[in-house]
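A quick write-up on the structure given underneath.
A short reminder: the numbers here are calculations on the coordinates, not readings from a lab. Keep in mind it's a predicted model, so treat the numbers as computed, not measured. All Cβ positions, even for glycine, are placed from backbone atoms using ideal geometry, and neighbour counts span all protein chains on display.
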Amino acid sequence: MVYFVGAGAGDPELLTIKGKRLIDQADVIIYAGSLVNPAVLQDVKPDCRIYDSAGMTLEEVLAVMEQAEQEGKTTVRVHTGDPSLYGAIREQIDALDERGISHAVVPGVSSFLAAAAALEKEYTLPDVTQTVILTRMEGRTAVPAAEQIESLAKHQATMILFLSVGQIEELVRRLCTSYPADTPAAVVYKASWPEQKIVTGTLETIVEKVKAAGITKTALVAVGRFLGDAYTLSRLYDKTFTHGYRQGSEA
Ligand code: SAH
């Protein structure tokens, strides 16, 4: 059996109870050493075999899983944040299916959620935006033509950019084709890690501030009016708005 476990954004206390139990009981662990906090592995079994996938190919990862399966052992594949985002789990799952090896996925706290927590902001503010776009700019990996930054920017929704802080200058230039230059922006480096850094500004100022902070990787870029101070109060807690769980005190 192979479990894909989301390790959360960094803080080992952000592991789910289920993820923690599976890691602590694993016979074999394969983790992405470049991004997963080694502290999430602090309570593994003494005889647990641990592999860092950073220097491994897909074939090598699969060979470790296959070997473990033949020995009747449980493998936990640890991914940073939640495995459903830029986790490359699909190709692993399909390969396990071909080999008849069973698998399950345990979700994790994605870095985009840890970043919102670090900022203490709500991505979906009433009358500001009700949509969150999670994306990346193309780098060595392509992005489909229909999802270019310029087309996504047209919505002026909350946008969270993974894997793109290294090209922030180009990114901001492309965002500014639709977002006004005074749109608030934030960069969160290593959300939930002890080294966490937050840089805030506007699309006009953020590039300089990020460069001054020396942030070139392991950060998210967040853009949108959700970072501003204008919004309307939520109807969920409005005393004139009734819903299934609460009768209004006014008509
Ligand atoms: N599956 C992961 C994303 C993996 S892609 C998740 O759900 O978070 C790797 C990118 O995620 C990094 O380049 C960076 O943009 C972002 N990232 C991962 N961990 C982060 C963290 N703790 N703080 C800020 N960004 C992070």
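Counting helices only, and only those DSSP H runs with n ≥ 4, report the 222 nm mean residue ellipticity of the chain as the sum of -39,500 (n - 2.57) divided by its residues, in deg cm²/dmol to the nearest 500. Show your work: numbers first, answer last.
Numbers: 7 runs with 61 residues, N = 251.
Helices in the chain give a 222 nm mean residue ellipticity of -7000 deg cm²/dmol.
Pairs to check: Lys154/Lys197; Lys20/Lys209; Lys73/Lys121. Give those whose C-alpha atoms are more than 32 Å from each other in this structure. Don't jump to the answer; show the numbers that get you there.
On the way: Lys154/Lys197 29 Å; Lys20/Lys209 37 Å; Lys73/Lys121 43 Å.
In this structure, Lys20/Lys209; Lys73/Lys121 exceed 32 Å between Cα atoms.
Under a Cβ-Cβ cut-off of 14 Å, what is the net charge of the residues other than Val64 that fall near it, where Lys and Arg count +1 and Asp and Glu count -1?
Details: positive: Arg49, Lys73, Arg77, Arg99; negative: Asp27, Asp52, Glu59, Glu60, Glu66, Glu69, Glu71.
Here the charged neighbours net out to -3.
What is the projected area of the convex hull of the Cα atoms of region 2-106, averaged over all directions, in nm²?
Numbers: hull surface 23.4 nm².
About 5.8 nm², averaged over all directions.
Quick one: if the Förster radius is 35 Å, what FRET efficiency do Ser234 and Thr135 give, using the C-beta to C-beta distance and rounding to 0.05? If you can, show how the numbers build up before the last one.
Working: r = 26 Å, r/R0 = 0.76.
The value I calculate is 0.85.
Charges only on Cβ, +1 for Lys and Arg, -1 for Asp and Glu: so what's the dipole of the chain about the Cα centre, in debye to the nearest 20? It would help to have the intermediate numbers written out before the result.
Working: 24 positive and 32 negative charges, 101 e Å.
Once rounded to the nearest 20, the dipole reads 480 debye.
For a Förster distance of 41 Å, can you work out the FRET efficiency between the beta-carbons of His243 and Trp193, rounded to the nearest 0.05? Present the calculation step by step, with values, prior to reporting the outcome.
Values: r = 39 Å, r/R0 = 0.95.
After rounding, the FRET efficiency stands at 0.60.
Need one number: nm distance between label points at Ala146 and Arg49, each 7 Å from Cα along Cα→Cβ, rounded to one decimal.
Calculated label separation equals 4.3 nm.
Starting from the Cα-Cα distance between Glu169 and Glu91, subtract it from 0.36 nm times their residue separation and give me the gain in nm to one decimal. List each step's numbers first, then the result.
Numbers: separation 78, 0.36 × 78 = 28.08 nm, distance 3.23 nm.
Stretched fully, the Glu169-Glu91 segment lengthens by 24.9 nm.
What ranking do Val128, Val76 get, fewest neighbouring Cβ atoms within 10 angstrom at the top?
Val128, Val76
At 0.36 nm per residue, minus the direct Cα-Cα distance, what do Thr177 and Glu122 gain on full extension? Give it in nm, one decimal, please. Before the final figure, lay out the partial values.
Details: separation 55, 0.36 × 55 = 19.80 nm, distance 2.46 nm.
Separation in residues times 0.36 nm, less the Cα-Cα distance, equals 17.3 nm.
Return, for the Cα atoms of region 111-227, the radius of gyration and Dmax in Å, separated by a comma.
13.0, 38
Counting each pair of different Cα atoms once, what's the Kirkwood radius of the chain in Å, rounded to one decimal?
Details: mean 1/r = 0.0498 Å⁻¹.
Here the Kirkwood hydrodynamic radius works out to 20.1 Å.
Between Glu71 and Asp27, with labels modelled 7 Å along Cα→Cβ, what's the label distance in nm to one decimal, could you check?
It works out to 0.7 nm between the two label points.
By how many nm would the segment from Met56 to Ser34 lengthen if fully extended, with 0.36 nm per residue of separation less the alpha-carbon distance? All intermediate terms of the calculation are to be shown ahead of the outcome.
Details: separation 22, 0.36 × 22 = 7.92 nm, distance 1.20 nm.
Length gained, Met56 through Ser34: 6.7 nm.
Test of understanding: in a Gaussian network model of the chain with alpha carbons linked when under 10 Å, which of Thr218, Thr80, Thr57 would top the mean-square fluctuation ranking?
Thr57
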